[in-house]
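Structure record follows, encoded as structure tokens.
The values are calculated or read from the model by the stated rules, or taken from the named source; none is laboratory data. None of these values were measured; they are calculated from a predicted model. Backbone-built Cβ (ideal geometry, glycine too); neighbour counts: all protein chains shown. Note: areas computed on protein heavy atoms with side chains; ligands, DNA, RNA excluded. Shrake-Rupley method; radii C 1.70, N 1.55, O 1.52, S 1.80 Å.
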Amino acid sequence: MHTKGDSCCCSFEDYKLTTEWLMNQTSIRPKVAVICGSGLGLLADGVSHKQTFRYQDIPNFPVSTVPGHEGCLVFGTIQNTPCVFMQGRFHLYEGYSLCQVTFPVRIFKLMGVESVLVTNASGGICPDFKVGDIMLIKDHINLPGFAGQHPLCGPNDERFGIRFPCMSDAYSKELRAVAMDVGSDLGCGGFIREGVYCMVSGPNFETVAEARMLHILGCDSVGMSTVPEVTVAKHCGLRVVGLSLITNKVCLDYSSEEKVNHEEVLEIGKMRAGVLQKLVTTLISHCQQSINTH
Ligand code: HPA
């Protein structure tokens, strides 16, 4: 299971084994899972009754290799809602298969999670976006998926979901509306946006021609993650909300001298960590309330 690159390497027994191992280690039964993007691991700081597991100690779990991704699963509660935080995620560019990248999502499903809150860092393509804006993901473009790099390729396991899942409503409209309201209440309405996120495999940042193509395709921001996890979450019936922190402006202009780098991405993450944490905390309790009233 730990080997990189195989197209589908996880059997239902692998998922079950990891789920049972975790459920034997913790009595927390999370209802909400939060996947923390680059430099956003601090989002787990507000968790009470914390129980932390390093990825390398969890059977079958991949290990993250990127600076800014700590590699821990944190269980606990946020305002009485049981949750689990992934501090660090897995990316295609690290050499992992999409089955490994999305492995934790199915574990969350088997543990009883109902909603997934995904965060990431992305480059702003929409000319109106500014560095530090928080974009609520309205929809996505699965560019690697167009080329056959898709987490649901291979035999379908009906225990998780159907062969041809609908993706037209991947990001919960209701939770997006809640996020927008919460953002305004917190006084950050001025920099909360909504838009379409595009996934590229990376690891290089885009060329100017690629960036211009993405702009023409209708992408508002671009990043190297999120879409596989969201696709697998939606496939197995989880509600999804996505927050993308705009950490840089993607260069659409050959005369620009600006050069994007990973350190800048992490820096902006730190700058907005406080606001994002409040937003995530409030959204978690709303997720739980709206499930209770359904
Ligand atoms: N491109 C791709 N991924 C990213 C970027 C970007 O500009 N910024 C943060 N992640």
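Quick notes on this structure:
- Pairs of lysine residues in the range 25-292 that meet both criteria, 8 or more places apart or on different chains and Cα atoms under 22 Å apart, total 25.
- Cα-centre dipole for the range 91-227 with unit charges at Cβ (Lys and Arg positive, Asp and Glu negative), debye to 20: 240
- Heavy-atom accessible area order for Met86, Met271, largest first, 1.4 Å probe: Met271, Met86
- Within the chain: Cβ-based charge dipole about Cα centre, in debye rounded to nearest 20 (Lys, Arg +1; Asp, Glu -1): 620
- Kirkwood-type radius of the range 149-291, with distances r between different C-alpha atoms, in Å: 17.3
- Heavy atoms of the protein chains alone define the surface here; on that basis the chain has 42 Å² accessible area per residue at 1.4 Å probe size.
- Mean Cβ neighbour count within 10 Å, used as a protection proxy, ranking 246-252, 46-52 highest first: 246-252, 46-52
- Equivalent ellipsoid semi-axes, the range 25-292, via Cα gyration tensor eigenvalues times 5, rooted, Å: 27, 22, 18
- Taking amide H atoms as placed 1.01 Å from N in the peptide plane, the amide H of Val34 lies under 5 Å from those of Val84, Phe85, Met86, Leu117, each 5 or more residues away in sequence or on another chain.
- Taking the Cα centre of the range 198-272 as reference, the dipole from Cβ charges on Lys and Arg (+1) and Asp and Glu (-1) amounts to some 400 debye.
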